[in-house]
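Trainee: Sharing a structure, written as structure tokens. Questions coming.
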Amino acid sequence: MRWRLAWVYRALLVALLAVAFWSVWANAQSTATNPPPAVASGATSGLAEMFGGLDEHYLTFGLDRVPFLNDHQLLGEPLWKYLASLIYILLAFLVARLLDWIVSVWLKRWAQKTATRFDDLILELLRGPVKVVAFVIFLNIGLNLFRWPGRVQLILSKALIVVVACSITYVALKVVDMLLRLWRDRSSAAEDKLFAEHLFPVIRKTVKAALIIAAVMLTADNLGIKITSVLAGLSIGGLALGLAAQDTVANLFGAIAIFLDKPFRIGDRVKIEGVDGSVENIGLRSTRVRNLDGHLVTIPNKTMGNAIITNITRRQTIRTEMNIGITYDTPTDRVQRAAAILEEIFRAHPKTQDLIISFNKFNDSALNLFVVHVWDGSDQKEHFAGMHQLNLAIKQRFDAERIEFAFPTQTVYVKQD
């Protein structure tokens, strides 16, 4: 992207010089047909007043005192003007390179000695824009320092407006690029890299495109070009595009909402709109979830933005409820013993965070012991393995204590006459 901007910028400068040469040539042709009143060709413009009482010959590098350069003309203008302007252009290049060296070498060495990264970002932002701004300033001075013919001055002023607009746009693009890169580095974790690689290029290109369009329209307005009809056309085109691609835009904004809110990440197990599974991919249009049956379910991002999402992976504990029934002929002390056994087994496990045991009700065919166990962790496989061992321990202890588990039974009494 950098070399593209550099080549575009250089092409604009070449075009500026070509336009200046053409305007001088066109003015010379016009002057040859209708000679204007004589003017002092060596006079400098009002821009020289910025330098106070400085002799204007210093601003022309003394070239206007050279008889050959002052007496001979090219396209109606003395040769010293072209040479002086060329010197200012070369100075612009040299000063730009000097400032770029100061920022990239000298200041960079100073910034490396500090612990903070803020100064490194500032230097990265300044490198390039400082060079461009310095070049534009010296180029403006070099081309406006002398009195050119009216038509040439008009064309040069408009061309400089274009160059300044391109320079400001270049600086703004650098700022946007740095801010977006900083935002990505701070907000995207390792699990979000795949998503960031898809979403951030779209955001970056969209912001830059909007910035370039705004710069073009403002530049056109400063050049005197009527942009009212262009705005009207863009409004109608934007409305038509919005109506045609409203689902696509809704999905894109849904992807942005997912990224900013981060309700889940790739690999998380979630429940969304009746779908229970692991998130495999988050794209610009849809999110893909592998459900528990192994099927890949594709959910549009606009649905994700409005859905109730349950992130199972991010739970800190796993809560399990169990109903353990023992037979009705179990004595009261044995019921208390059964509850004590359950308390001992569950409390002894290192993953038990909380536990509730209650003889809560009389079922149709069993005395019900209600157990609420809170597992300290969120790993589903580890939880299943732990509960397997706990249930085996309960079965072994109940068998050893001769406490019988109940099962659904019915007692039928037959009345005989």
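The values are calculated or read from the model by the stated rules, or taken from the named source; none is laboratory data. Fair warning: this is a prediction, and the values are worked out from it, not measured in the lab. Here the Cβ positions follow ideal geometry from the backbone for every residue, glycine too, while neighbour counts run over all protein chains shown.
Trainee: Within the stretch 270-284, can you find the residues that are surrounded by 15 or more Cβ atoms within 10 Å (Cβ to Cβ) and without any contact (Cβ under 8 Å) to a residue 60 or more places away in the chain?
Mentor: Once the filter is applied, which keeps residues that are surrounded by 15 or more Cβ atoms within 10 Å (Cβ to Cβ) and without any contact (Cβ under 8 Å) to a residue 60 or more places away in the chain, the stretch 270-284 yields Val270, Lys271, Ile272, Val275, Asp276, Gly277, Ser278, Val279.
Trainee: Which residue pairs have Cβ atoms closer than 8 Å, lie 6 or more positions apart in sequence or on different chains, and pair a first residue in the stretch 395-417 that is of a type in the set (Val, Ile, Thr) with a second residue that is part of a loop (DSSP other than H, G, I, E, B)?
Mentor: Matching pairs, first to second residue: Ile403/Thr330; Thr409/Ser365.
Trainee: Restricting attention to the stretch 301-316, report how many residues are in contact with a strand residue (DSSP E or B) (Cβ under 7 Å, 6 or more places away or on another chain) and of a type in the set (D, E, K, R).
Mentor: So the count comes out to 0.
Trainee: Could you please find all residues in the stretch 391-404 being touching a Ser or Thr at 6+ places or on another chain (Cβ under 9 Å) and either within 15 Å of Val371 (Cβ to Cβ) or at pLDDT 95 or above (or both)?
Mentor: Ile403, the sole residue that qualifies.
Trainee: Is it the case that the stretch 75-91 has a residue that's in a strand (DSSP E or B), surrounded by 12 or more Cβ atoms within 10 Å (Cβ to Cβ) and modelled with pLDDT under 75?
Mentor: The answer is yes; a qualifying residue exists.
Trainee: Can you report the number of residues in the stretch 248-285 which are β-branched (Val, Ile, Thr) and farther than 15 Å from Ile309 by Cα?
Mentor: 3
Trainee: Further question on the same structure: Which fully enclosed strands (runs of 3 or more DSSP E) of the stretch 287-372 have 3 or more residues being modelled with pLDDT under 95 and farther than 23 Å from Ile394 by Cα?
Mentor: Because the criterion is at least 3 residues that are modelled with pLDDT under 95 and farther than 23 Å from Ile394 by Cα, the strands (runs of 3 or more DSSP E) in the stretch 287-372 that meet it are 296-300, 309-311.
Trainee: Since Gly274 meets every condition but one in (1) on the phi > 0 side of the Ramachandran plot; (2) in contact with a helix residue (DSSP H, G or I) (Cβ under 7 Å, 6 or more places away or on another chain); (3) not hydroxyl-bearing (Ser, Thr, Tyr), which condition does it not meet?
Mentor: Of (1) on the phi > 0 side of the Ramachandran plot; (2) in contact with a helix residue (DSSP H, G or I) (Cβ under 7 Å, 6 or more places away or on another chain); (3) not hydroxyl-bearing (Ser, Thr, Tyr), only one is false for Gly274: (2).
Trainee: Let me ask something else about it. Can you tell me which residue in the stretch 268-286 is farthest from the chain's Cα centre (by Cα), limited to those that are assigned to a loop (DSSP other than H, G, I, E, B) and over 20 Å from Arg184 (Cβ atoms)?
Mentor: This residue is Gly274.
Trainee: Additional query: Give just the number: which of (1) out of contact with any Pro (no Cβ under 8 Å at 6 or more places or on another chain); (2) surrounded by 11 or more Cβ atoms within 10 Å (Cβ to Cβ); (3) over 30 Å from Leu260 (Cα atoms) does Ala400 not satisfy?
Mentor: The number of the failed condition is (2).
Trainee: At pLDDT below 75, in contact with a Leu (Cβ under 9 Å, 6 or more places away or on another chain) and buried (at least 18 other Cβ atoms within 10 Å of the Cβ): which single residue out of Leu182, Leu156 fits that description?
Mentor: The unique qualifying residue is Leu156.
Trainee: Tell me, please, whether a residue that is of a type outside the set (A, V, I, L, M, F, W, C), at pLDDT 70 or above and surrounded by 12 or more Cβ atoms within 10 Å (Cβ to Cβ) can be found in the stretch 223-237.
Mentor: Within the stretch 223-237 (the criterion being of a type outside the set (A, V, I, L, M, F, W, C), at pLDDT 70 or above and surrounded by 12 or more Cβ atoms within 10 Å (Cβ to Cβ)), the answer is no, since none of the residues qualifies.
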